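The values are calculated or read from the model by the stated rules, or taken from the named source; none is laboratory data. The model shown is predicted, which means the values in this text are computed figures rather than measured ones. Here Cβ is always computed from backbone atoms with ideal geometry, including for glycine, and neighbour counts include all displayed protein chains. The accessibility values were calculated without ligands, DNA or RNA, using every heavy atom of the protein model including side chains. Shrake-Rupley method; radii C 1.70, N 1.55, O 1.52, S 1.80 Å.
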Amino acid sequence: MSRPSRRVRITPHWMGVVAAVWLLAVACPVFAQEGEQAGGDPAEFQPDEPSGDPPSQLLARATELYDQGDYYPASIEFKKVLDGQSQDTQANRQRAEFFLGKTLYQLQFYSGALAYFDRIAAAGPSHRYHSASLKWMAALSRVLPETSGILEKIGAYDAAELEQPVLDDVRDELYYLLGRHFYLRGEFDQAVALYNRVNRQSPFFLRAKFFEGVTYVRKYEGAPAIEAFKEILVIGEEKPTYFDPVEVAKFVELANLQMARVFYSTQQYDTSIKYYEKLTQSSPDWLDSLFEASWAYFMRTNNSKALGNIHTLNAPYFEDEFFPESIVLKSVIYYKYCLYERALEAVAEYDVKYRPLRDNLKQVLDQYQDDVEFYGLVKQIKTGEAGLDDDTQRLAASALGDRTLRKTFSWVDELDREVVLFDQADDAWKSTQVASEVLQELTLQKSLAEADAGKLARERIERLLRELREFGRDSIKIRIEVLNAKAGQITAQARGERISGDHKEERIVVDDEHFMWKFNGEYWKDELGYYRFRIRSQCPKE
């Protein structure tokens with residue numbers, strides 16, 4: 001997979017090649033499913049609802065149907081009350097509005113429910129169910145992705161409102177969600193303050209602490225970021241019983257990866273390597289950690305390991321993953337060791353593999369200019385039905401696996417699910433005013449979501465195309481540097497950057513639990529990540 005969030009750029013100078021790597025722009029993880037977030041069953045919420053005026057028969061009947069779980073007829077009756085078809089007071093119509101949002105939630109028309117709770121939030125504290133609606137927004141955040149706009153709607157509430165007794169059972173969850181809202185808006189200090197208010201024994205503590213660390217990284221404050229991530233590692237060691245062990249293991253892994261990146265950014269390469277190596281082959285971030293560690297090994301002149309990692313990344317086991325930068329890095333390493341033929345081979349490898357892919361991606365982009373139509377192409381790519389050759393299909397699918405894109409796609413998928421649910425509903429219900437409103441909201445949100453998904457997908461592929469072009473230009477510059485060096489046209493600075501011929505060959509240390517044999521061209525899964533290269537400089541001795 002290409003690395004859009006951490007730009008690795010090879011910048012040839014007149015007298016040599018140096019690498020500059022920026023690792024502070026952290027990509028936030030996407031957790032398995034929003035519906036799997038910690039917290040109780042939202043259907044069990046029993047908010048302290050204000051007592052209102054005596055209800056009309058219509059409202060009483062609607063409430064009775066709701067309590068019995070007859071949600072379709074209940075939604076019809078609540079809508080009648082809301083539309084003024086009864087003699088209910090304003091307070092009771094607000095109750096009907098609130099219960100209609102709850103009813104649509106129970107029917108799993110989450111986009112419609114969100115629209116109702118959003119209206120209550122927009123009405124402010126003057127609405128009798130303003131605070132109670134926040135509980136149900138928290139419930140919706142468990143089943144809807146962030147790209148649904150749920151965080152923005154929760155952000156309409158002031159943090160002080162979270163202290164109300166009615167929110168006792170979801171307060172920590174709301175601290176976390178509101179913190180995420182401010183983080184996404186770039187208001188980092190407010191985000192950190194809210195993350196820090198989450199109780200240590202809350203199921204949301206690990207998430208809050210992790211994003212506290214990420215927020216400090218975004219602020220370029222390494223020390224507090226490290227402290228936040230370390231606290232997660234401490235919990236991993238202590239294994240308190242009030243945390244889900246699976247959740248702990250997931251965040252320990254994420255914390256290790258982020259700590260590696262922070263230490264790399266502060267040029268503490270040995271410490272960075274220590275944390276990169278904590279990720280195991282079972283981790284979804286393992287390949288990324290190998291690639292990023294390759295740069296750390298390169299900076300420490302441990303190129304036996306850097307080349308070994310690159311060898312793993314380009315193994316046939318990972319044909320659906322793409323690390324074009326790794327091939328460019330390989331050419332730089334060989335250049336610095338004056339292994340010019342190997343450097344040229346690496347440059348040729350990049351050109352042969354990625355030049356056709358670059359041209360094919362350009363054709364993919366040119367097919368559709370309309371964002372909604374482009375999203376149609378995206379769906380075909382995701383299902384392997386876009387008619388692309390195998391390599392282009394894999395590269396495009398890999399690019400579309402971007403974490404932000406996955407959130408956007410999941411919102412479209414949710415709306416598709418609700419459209420199917422609507423189609424399967426009883427015809428009598430679909431002819432009612434409330435059903436018409438649900439369908440109208442669904443249609444609008446689906447159109448907007450598909451356009452947004454198409455736009456983001458196009459931008460992601462455009463960014464990948466730019467990266468491939470940049471790496472292509474870098475490889476050309478490296479080739480020129482190599483040819484100049486072979487011709488003896490090398491400057492003093494370039495000589496100073498080379499690995500001297502009297503540089504001691506890097507030792508390959510094998511412990512008692514491993515043994516070493518020569519690679520024979522055949523890859524074995526249990527070897528991945530353990531490859532080492534014997535590399536000896538052919539540069540003149542100093």
Next item on the list: Could you tell me whether Tyr317 is part of a helix (DSSP H, G or I) and buried (at least 23 other Cβ atoms within 10 Å of the Cβ)?
Entry: no
Note to self: If a residue counts only when it is of a type in the set (Ser, Thr, Tyr) and buried (at least 19 other Cβ atoms within 10 Å of the Cβ), which helices (runs of 4 or more DSSP H) contained entirely in the stretch 333-441 have at least 1 such residues?
What the structure shows: 340-366, 371-382, 390-399, 403-424
Note to self: Being loosely packed, with under 14 Cβ neighbours inside 10 Å, in contact (Cβ under 8 Å) with a residue 24 or more places away in the chain and acidic (Asp, Glu): is that true of Glu542 here?
What the structure shows: yes
Item checked: Enumeration of residues in the stretch 442-478 that are surrounded by 20 or more Cβ atoms within 10 Å (Cβ to Cβ) and either in a loop (DSSP other than H, G, I, E, B) or more than 30 Å from the chain's Cα centre (by Cα) (or both) -> Ile478
Check: Which one of these does Ser282 not meet: (1) assigned to a helix (DSSP H, G or I); (2) modelled with pLDDT under 95?
Finding: (1)
Checklist line | Condition broken by Arg498, with the remaining ones in (1) exposed (fewer than 14 other Cβ atoms within 10 Å of the Cβ); (2) basic (Lys, Arg); (3) within 26 Å of Tyr531 (Cα to Cα) satisfied | finding: (1)
Next item on the list: Could you please give the count of residues in the stretch 365-407 that are closer than 15 Å to Lys455 by Cβ and among the β-branched types (Val, Ile, Thr)?
Entry: 3
Checklist line | Failed item in (1) farther than 29 Å from Glu481 by Cα; (2) under 31 Å from the mean Cα position of the chain (by Cα), with Thr432 passing the rest | finding: (2)
Note to self: Looking at (1) modelled with pLDDT under 95; (2) open to solvent by 20 Å² or more (accessible area, probe 1.4 Å); (3) in contact with a helix residue (DSSP H, G or I) (Cβ under 9 Å, 6 or more places away or on another chain), which one does Pro47 not meet, given that it meets all the others?
What the structure shows: (2)
